[in-house]
1. Looking at the range 124-143, is at least one residue in the same structural domain as residue 9 (by TED's automatic domain parsing) and loosely packed, with under 14 Cβ neighbours inside 10 Å?
2. Go through (1) farther than 28 Å from residue 160 by Cα; (2) assigned to a helix (DSSP H, G or I) one by one and return the number of the condition residue 296 breaks.
3. Looking at 44, 63, 22, 67 in this structure, which one is under 16 Å from residue 129 (Cα atoms) and not in a loop (DSSP other than H, G, I, E, B)?
4. Only one of 242, 246, 206, 215 is free of Cβ contacts under 8 Å to residues at least 24 places away in the same chain, closer than 23 Å to residue 145 by Cβ and assigned by TED's automatic domain parsing to the domain that holds residue 261. Can you tell me which?
5. Looking at the range 204-212, can you tell me whether even one residue there is over 27 Å from residue 280 (Cβ atoms) and either part of a helix (DSSP H, G or I) or more than 17 Å from the chain's Cα centre (by Cα) (or both)?
6. Test of understanding: among 108, 78, which residue is in contact with a helix residue (DSSP H, G or I) (Cβ under 6 Å, 6 or more places away or on another chain) and at pLDDT below 95?
7. In the range 148-185, what count of residues is obtained for those that are under 26 Å from residue 239 (Cβ atoms), touching a helix residue (DSSP H, G or I) at 6+ places or on another chain (Cβ under 9 Å) and surrounded by fewer than 17 Cβ atoms within 10 Å (Cβ to Cβ)?
């Protein structure tokens, strides 16, 4: 049985990219695997969110996990900061992580931009905390987007290095699980940028809780280009906005790219966008309905998080005890 670990930062309003790139892909995994899904609130602190909003977003994120179909009878759902071993193992791993490895992380370069001197240490050391998240639970597989693959590679290198250093199988070497479709949903305004909660334009993303009318309007206004509807998938890499919309359609409708291209030959983008909006509305409506039911049942949601916290702590403490003992630290 595979052991799966994944999570999403609970900040801002969850969007279609979070659902298609992560949560939707988690659902089939929980049927035959041991799954842990966390709300990575410690990672969220790198953006210094408003404390009141963060607390609300954590609860909202948990309710969304449940509304989208994460089954607490099959999977553990927990809050990262409620498992102290994440922070403690991060420090221990930091003492074995070469600076050169962190200097090569492209995501830090992208997020810090031209102002690296002003970037917080947490953003720079983010991959070490991510490694701690994964290695604590001896995860065998981690569902990630293509942009996170480098972090998994560093986690693997770190686990292998420490195992070899102490000649012990202290950590399981994790494998990335990368979806071929829907893994990275891009902005509706710029097909070269990932759909993001932090984008100043609300029109760049489809919010999970957007009304049907707003979803239709956003897809109608989504950027395309002056060309005709693509004939071949070979045309898509050079047309990022069209490619993104077709990828979204494929993920929501579970149809191949080739089928979509064939269905819309000779048709305009207006018809395609209208159909895409309808498919999206149909997919998100039951999630939104269940979510609103759950936020009115806070005791139930918190009970699920409490159960997940206990399960996560039990597993994490075993790993932490083993590594501390190996390092000569008292337990």
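1. no
2. The failed condition is (2).
3. The match here is 44.
4. Criteria check complete, one pass: 246.
5. no
6. Residue meeting the stated conditions: 108.
7. So the count comes out to 2.
Okay, residues lined up against (1) under 21 Å from residue 64 (Cα atoms); (2) modelled with pLDDT of 95 or more; (3) touching a helix residue (DSSP H, G or I) at 6+ places or on another chain (Cβ under 7 Å):
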residue	(1), (2), (3)
270	no, no, no
273	no, yes, yes
282	yes, yes, no
286	yes, yes, no
296	yes, yes, no
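The values are calculated or read from the model by the stated rules, or taken from the named source; none is laboratory data. All figures in this text were calculated on a predicted structure; none of them were measured in a lab. Glycine also receives a Cβ, built like all others from the backbone with ideal geometry; neighbour counts cover every protein chain displayed.
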